[in-house]
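Heads up, the thing below is written out as structure tokens.
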Amino acid sequence: MRNQPQFRNVNRILGDRPRLGPFPADQIFPWSAIAILNVLILNYTFKVSWLGTGLSIAWGWATWWVLSSNRNFFGKFVSVPRVTRGYMPHKALKKLDEN
């Protein structure tokens, strides 16, 4: 067997999505908006405790991350076949005896 050339990666993050620590960079702005809106609406308007506000923020972040960060998430679901109406002459499955 011939020796195949083995390439060494010089820049390991080349081709990766940008990140800010463990979080994807494209999630920072939506998560900030979710947090600010939850604090304004729940904590200041409805006087919900900080625990309830924090849980609501975490729920909003998790929902946004599931729906938007994984591009292949919705590709996992197989769509149902499309049923259309068609016209063709009736053919009996079983021939009837004509007596």
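The values are calculated or read from the model by the stated rules, or taken from the named source; none is laboratory data. Here the structure is a predicted model, which means the values were calculated and not measured. Counting neighbours? That spans all protein chains shown, and the Cβs are built from the backbone with ideal geometry, glycine included.
Computed values, structure above
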item	result
Residue match in the stretch 41-52 (condition: of a type in the set (K, R), at pLDDT 80 or above, exposed (fewer than 13 other Cβ atoms within 10 Å of the Cβ) and over 19 Å from the mean Cα position of the chain (by Cα))	yes
Residue in the stretch 53-77 that is modelled with the lowest pLDDT, counting only those that are part of a helix (DSSP H, G or I) and of a type in the set (G, A, S)	G75
Members of the stretch 19-40 that are of a type in the set (V, I, T) and within 18 Å of the chain's Cα centre (by Cα)	I28, I34
Single condition Q27 does not satisfy, out of (1) at pLDDT below 80; (2) surrounded by 11 or more Cβ atoms within 10 Å (Cβ to Cβ); (3) not small (G, A, S)	(1)
